[in-house]
1. Report, by residue number, each residue of the stretch 337-359 that is surrounded by fewer than 16 Cβ atoms within 10 Å (Cβ to Cβ) and under 22 Å from residue 244 (Cβ atoms).
2. Closer than 24 Å to residue 283 by Cβ, surrounded by fewer than 20 Cβ atoms within 10 Å (Cβ to Cβ) and in the same structural domain as residue 210 (by TED's automatic domain parsing): which single residue out of 93, 86 fits that description?
3. Among 54, 116, which is the only one that is over 23 Å from residue 314 (Cβ atoms) and modelled with pLDDT of 95 or more?
4. Do you know which of the residues in the stretch 220-245 that are loosely packed, with under 14 Cβ neighbours inside 10 Å and under 24 Å from the mean Cα position of the chain (by Cα) is farthest from residue 288 (Cα to Cα)?
5. Out of (1) surrounded by fewer than 20 Cβ atoms within 10 Å (Cβ to Cβ); (2) closer than 30 Å to residue 124 by Cβ, the odd one out for residue 269 is which?
6. Got a sec? Which of 121, 108 is under 20 Å from residue 172 (Cβ atoms) and in a loop (DSSP other than H, G, I, E, B)?
7. Looking only at strands (runs of 3 or more DSSP E) that lie completely in the stretch 160-232, which have at least 3 residues being farther than 23 Å from residue 131 by Cα?
8. Just the residues that are closer than 26 Å to residue 117 by Cβ and within 16 Å of the chain's Cα centre (by Cα), please, taken from the stretch 54-86.
């Protein structure tokens, strides 16, 4: 059986080192916003290339707090890709903003910058880019649009830890960038965790207050906030795993190259573009008989998953909110299939999967 993901295997090497760190902070008795969180915030901001990092409870909180910190008028519009994960869209709604879905590029699965301008109105205040599957957006063109229309740029980097364009990592382009450390991410922890990065000192102070009940000094609450803090347990593990992130990414890139080289043309494979580093949080292929393909692989002891089976505009929770049609998003969600590509998978595993895929008769 080739599993889609086995976190016990993936994290085995890190857990050995984590034991010593775990014993130390347990002995210290400081479990919230202490040394491990401070250390991780410094390490991660230096890694990404931003001045400030604010650890929060999860990736969706990172997005929501970022949007709330802008103090935009209620129902201000925010542009988001129509195939984004639901957390991106929920964060806008939870911040009392109106999400405007814009179709992705069918080849890159990222927000199609060519479709942005015609969706900008007098109420548009933010563009949120989601680096889908670990592939960077076309940040040069999107930054240009933001400058021309005086819009805030938020990067959702939940899937793109360590991805880059040239020598700039995703997360270093926007006014704020938001990360998730959900366990399956390339930089995943042992539960939920997230972070917001920025370069503005006053904004960083505000974000730190917002994650902690709106408080700078304990029991004194100056602004409206919430409880969303990266805890010492997760930060301790992330401090260890961050040192391996480039190794994790390079391993996944090598596996992706094997897929790309050997899979036949019956499958639509990820587009790799010059000057970018796609880190393959997800290696997705597309096929018109996706459901049959998934069952076929499972029958042959290869487990896959779907990111994501339902397009956002078709989710029941959004009934009545999105009234337009999004055919490109529909096409992606009905044909995409995610193949095994974790730190614990080997070249041998991938070649077995490829051999079986190439025998599929559609």
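1. 346, 347, 348, listed by residue number.
2. Answer to the selection: 86.
3. Among 54, 116, only 54 is over 23 Å from residue 314 (Cβ atoms) and modelled with pLDDT of 95 or more.
4. Of everything passing the filter in the stretch 220-245, 227 is farthest from residue 288 (Cα to Cα).
5. Only one criterion is unmet by residue 269, namely (2).
6. Exactly one residue qualifies, and that residue is 108.
7. 215-217
8. 63, 66, 80, 81, 82, 83, 84, 85, 86
The values are calculated or read from the model by the stated rules, or taken from the named source; none is laboratory data. Keep in mind it's a predicted model, so treat the numbers as computed, not measured. Glycine also receives a Cβ, built like all others from the backbone with ideal geometry; neighbour counts cover every protein chain displayed.
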